[in-house]
1. With free of Cβ contacts under 8 Å to residues at least 12 places away in the same chain, part of a loop (DSSP other than H, G, I, E, B) and either in contact with a helix residue (DSSP H, G or I) (Cβ under 6 Å, 6 or more places away or on another chain) or in the same structural domain as residue 27 (by TED's automatic domain parsing) (or both) as the only criterion, which of 384, 355, 404 stands out?
2. Could you tell me whether residue 360 is of a type in the set (S, T, N, Q), assigned by TED's automatic domain parsing to the domain that holds residue 256, at pLDDT below 95 and more than 28 Å from residue 19 (Cβ to Cβ)?
3. For the structure I just gave you, tell me whether residue 59 is under 20 Å from residue 198 (Cβ atoms) and at pLDDT 95 or above.
4. Looking only at region 315-343, which residues are within 13 Å of residue 304 (Cα to Cα) and touching a helix residue (DSSP H, G or I) at 6+ places or on another chain (Cβ under 7 Å)?
5. Would you confirm, using the coordinates I've provided, whether residue 188 is outside the structural domain of residue 387 (by TED's automatic domain parsing) and crowded, with 23+ Cβ neighbours inside 10 Å?
6. Inspect all residues belonging to region 342-351 and state whether any of them is of a type in the set (A, V, I, L, M, F, W, C) and outside any strand (DSSP E or B).
7. Within region 82-113, work out how many residues are surrounded by 18 or more Cβ atoms within 10 Å (Cβ to Cβ) and either polar (S, T, N, Q) or not assigned by TED's automatic domain parsing to the domain that holds residue 195 (or both).
8. Which one is surrounded by the fewest Cβ atoms within 10 Å (Cβ to Cβ) among residues in region 152-172 that are assigned to a loop (DSSP other than H, G, I, E, B) and either touching an Asp or Glu at 6+ places or on another chain (Cβ under 8 Å) or acidic (Asp, Glu) (or both)?
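The values are calculated or read from the model by the stated rules, or taken from the named source; none is laboratory data. From a predicted model like this one, the values you see are computed outputs, not experimental measurements. For neighbour counting, all protein chains shown are included, and Cβ atoms are generated from backbone atoms with ideal geometry for every residue, glycine included.
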Amino acid sequence: MRVGIAGGGIAGLTLAWLLDGCHEVLLLEERRRLGGNADSVLTTAGGPAHVVDLGVRETPVEASPVWRHIVASVGLPTDTLVPTTASRVLIAEQERSALWVSPGEPTDTARQVTTGGQAHEALVRLAEESARWEREGMSWEVTFGDVLDCWALPPSTERLLCALPASLHGTTLREVRSLSARAVGATAVRPKDVARTTYLRSGTSSLVHGLAAGARSATVRLGAGLRAVRQTEDGFELADSTGDVHPVDAVALALPADRARAALIGLAGTAARRAALEAVEYREVTYVLHRDPFGMPEERHAWSTANTTVDGERSRTTTWYGPSLGLDLFVSQLDHRCGRPREELARSSFRASLPTPGASRARQTLGAVRDGQRLFFLGHCTTPVETQEAAMASALAAAHTLAPRSERLRRLCDDTQGG
């Protein structure tokens with residue numbers, strides 16, 4: 001079988017890697033690089049060379065069994081995994097003072113951790129409720145606004161609860177109310193816990209390169225984005241942006257929803273899926289790597305891995321690489337922000353999908369996989385939370401139908417399901 005994959009991000013590359021040795025794969029990528037939201041920058045700022053991610057920057061390893069297996073399987077050395085704290089602070093823009101501070105390293109006695117007050121209690125409640133929502137399988141269609149209305153919090157406390165998801169998705173604080181409560185809660189951690197995460201010392205691009213190198217039976221065409229999918233007597237034809245046409249037996253679309261929808265116009269039997277794709281909305285978010293402490297609290301003892309500034313109806317986050325790299329390097333969200341870093345080193349823009357109830361309904365339609373299926377959707381078009389783990393899981397679902405005897409698929413399932 002010849003499988004055409006459109007989109008060279010983590011989802012598309014994972015599927016190509018899983019299909020290696022089972023099928024011939026053609027992978028089309030519009031950009032001149034692979035990786036999608038995995039975008040790494042090599043910098044020598046501050047001394048030795050370091051790799052910093054502008055896109056995906058951290059992964060909670062304990063909640064990412066598929067990601068952990070694939071990182072090991074593509075040959076990344078164990079010392080490339082850098083465990084670190086995921087401390088957070090919320091900052092008032094005008095005062096540059098901390099509104100709420102999470103725990104950091106247990107040995108950090110100078111850190112003035114917030115342990116009480118309405119905001120702290122609300123964050124505790126969100127973490128506990130989000131764990132219950134996950135445990136009980138609450139509908140993704142319940143909005144965060146529905147939850148906040150039931151909680152009847154003071155406006156200032158509600159703003160703090162909305163700050164992190166607003167920054168993550170590029171929305172206003174008020175727009176967070178229209179997002180799925182379960183998606184908002186997916187990023188919540190208990191305020192009294194020291195949250196942990198993992199960086200790849202070699203950057204997420206090293207995972208991209210490992211997947212691409214392992215997909216030996218794949219033909220990768222960069223600068224050749226998908227323009228149209230057409231039905232043929234035996235399967236499909238993929239028309240790309242260079243004017244070439246490629247016959248394939250099955251198609252996997254690992255594309256933004258609007259581009260996938262445009263490629264399906266004219267393909268019979270896809271009206272319901274095109275309507276579902278139209279329900280997925282985006283915001284563009286720009287991140288910049290810099291050396292000066294732009295976006296950080298004035299008091300250094302409050303500096304955290306994630307430093308979220310609240311200003312009016314917006315919030316933006318600056319990530320500090322001190323806990324992981326031991327360097328004062330920062331990645332800041334730039335959109336709707338007063339001022340700019342003085343020592344900018346690199347920047348990149350990404351499209352963040354909004355986890356709305358409408359998008360949740362769409363993803364249920366698009367993520368359905370049946371025996372004999374030959375048109376698949378991958379990535380955030382099928383997953384309720386936009387993470388590398390979810391992107392890989394969407395590729396796993398397609399691989400179960402396309403290549404059920406894949407040795408890589410079998411080993412991955414054995415590892416992540418305990419044999």
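1. Values: 384 fails: free of Cβ contacts under 8 Å to residues at least 12 places away in the same chain; 355 fails: free of Cβ contacts under 8 Å to residues at least 12 places away in the same chain.
Answer to the check: 404.
2. Yes.
3. Numbers: under 20 Å from residue 198 (Cβ atoms): yes; at pLDDT 95 or above: no.
No, not satisfied.
4. 317, 328
5. Details: outside the structural domain of residue 387 (by TED's automatic domain parsing): yes; crowded, with 23+ Cβ neighbours inside 10 Å: no.
Answer is no for this residue.
6. Start the filter on region 342-351 by keeping residues that are of a type in the set (A, V, I, L, M, F, W, C), which leaves 345-346, 350.
Adding the requirement that they be outside any strand (DSSP E or B) leaves none.
Scanning region 342-351 turns up no residue that is of a type in the set (A, V, I, L, M, F, W, C) and outside any strand (DSSP E or B).
7. Within region 82-113, residues that are surrounded by 18 or more Cβ atoms within 10 Å (Cβ to Cβ) and either polar (S, T, N, Q) or not assigned by TED's automatic domain parsing to the domain that holds residue 195 (or both) number 4.
8. In the first step, residues of region 152-172 are kept if they are assigned to a loop (DSSP other than H, G, I, E, B); the result is 152-154, 170-172.
Those still in the list that are either touching an Asp or Glu at 6+ places or on another chain (Cβ under 8 Å) or acidic (Asp, Glu) (or both) too: 170, 172.
Numbers: 170: 21, 172: 14.
Going through the qualifying residues, I end up with 172.
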